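Visitor: One structure coming up, written as C-alpha cells, with questions to follow.
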Amino acid sequence: MTLARDDLDIEWMRSLAEGEELALNRLMDVWSKPLIVYLTRLTSNAATAADLAQETFVRVYQHRYRFSRSHKFSTWLFAIATNLARNHARWRGRHPETLMEHENLSNMPLAAAHASPDEQAIANEHLIAVQTAVAKLAQELREVLLLATWHGMSHREIAQVQDTSEKAVELRLYRARKQLRELLAEHLGS
C-alpha cells in the first residue's frame, strides 16, 4: 500500500527525528525542485534560490523535533523558505548590488517544440513580460501568487506559510492578480 504524499512526508519527519538521517535525503529528493522553483520565482535569482533551498533543509534538520504532525510538511517547509527569502530580501535592501541583467526565471520555452520561430519568439517575449511583472510585485503579493498559482496551495495553507489570516491571503491574491493585469495590460494589448 502506498502512503499519501502528506503521510509519507510526516513519516519521514518522524524517522528523521528518531535519528534516521537518510530520511532528510528522501525529503530533499522530493521537495528540492519545487522549493527551488518557488524561491527562484520569489527572488529572481537561481543561485540565491539554490542557497536558500539548501538553508531551508538545514533548518528542517535543525528543527526536526519541532515539526508538528498535525501540519502538512509542505506548508511547514514553504513557511521556512518564505521566511528565509524575506530575511534575504531585507538583507539585500541594506546591501544593494547592481545587477547587469534580469535573470531568466525559466529554462523552458513557453512555445511547443514544433512551433515556428515566430511563435517561439512571441511566447518567450510573453514569458519575459510575465516574469518581469511578477518580479515588480511587493514581496507578500508575489509570495501569495506563487504559492497559489504555481504550487497549488489553498488559502488556508498560504495563510499558515505567511502567518496571516485566510482573508488576508484572499485580499493579497486579488491585489496581486489586479496589479499583474495592470502591469501586463500594455504588453497584452488589452
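Visitor: Name the pairs: first residue in region 159-171 and under 10 Å from Val144 (Cα atoms) and touching a residue at least 12 places away in the same chain (Cβ under 8 Å), second residue assigned to a loop (DSSP other than H, G, I, E, B) and of a type outside the set (S, T, N, Q), Cβ to Cβ under 8 Å, at least 6 apart or on different chains?
Guide: Final answer for the pair search is Val161/Met153.
Visitor: Considering every residue within region 108-118, establish whether at least one is surrounded by 16 or more Cβ atoms within 10 Å (Cβ to Cβ) and modelled with pLDDT under 75.
Guide: yes
Visitor: State which residue pairs qualify: first residue under 22 Å from Asn83 (Cα atoms) and inside region 127-143, second residue open to solvent by less than 30 Å² (accessible area, probe 1.4 Å) and among the β-branched types (Val, Ile, Thr) in any location, beta carbons under 7 Å apart, and separation of 6 or more residues or different chains.
Guide: Listed pairs, sorted by first residue: Arg142/Val134; Glu143/Thr82.
Visitor: While we're here: Restricted to region 30-74, and to residues that are under 19 Å from Ile158 (Cβ atoms) and hydroxyl-bearing (Ser, Thr, Tyr), which residue is surrounded by the fewest Cβ atoms within 10 Å (Cβ to Cβ)?
Guide: Ranking the candidates gives Ser70 first.
Visitor: Only one of Ala23, Ala4, Ala49, Ala79 is small (Gly, Ala, Ser) and touching a residue at least 40 places away in the same chain (Cβ under 8 Å). Can you tell me which?
Guide: Among Ala23, Ala4, Ala49, Ala79, only Ala79 is small (Gly, Ala, Ser) and touching a residue at least 40 places away in the same chain (Cβ under 8 Å).
Visitor: Please work out if Leu77 is more than 27 Å from His155 (Cα to Cα) and not basic (Lys, Arg).
Guide: no
Visitor: List the helices (runs of 4 or more DSSP H) that sit entirely inside region 122-190 and contain at least 3 residues that are exposed (fewer than 14 other Cβ atoms within 10 Å of the Cβ).
Guide: By residue number, 166-188.
Visitor: Could you grab me the full set of residues in region 150-190 that are at positive phi and of a type in the set (Phe, Trp, Tyr)? If you could, list the steps in order and put the result at the bottom.
Guide: Filtering region 150-190 down to residues at positive phi leaves 152, 163, 189.
Of everything in region 150-190, nothing turns out to be at positive phi and of a type in the set (Phe, Trp, Tyr).
The values are calculated or read from the model by the stated rules, or taken from the named source; none is laboratory data. Just so you know, these numbers come straight off a predicted model, no measurement behind them. Backbone-built Cβ (ideal geometry, glycine too); neighbour counts: all protein chains shown. Quick note on the areas: whole protein, heavy atoms, side chains included, nothing else; ligands and nucleic acids left out. Shrake-Rupley method; radii C 1.70, N 1.55, O 1.52, S 1.80 Å.
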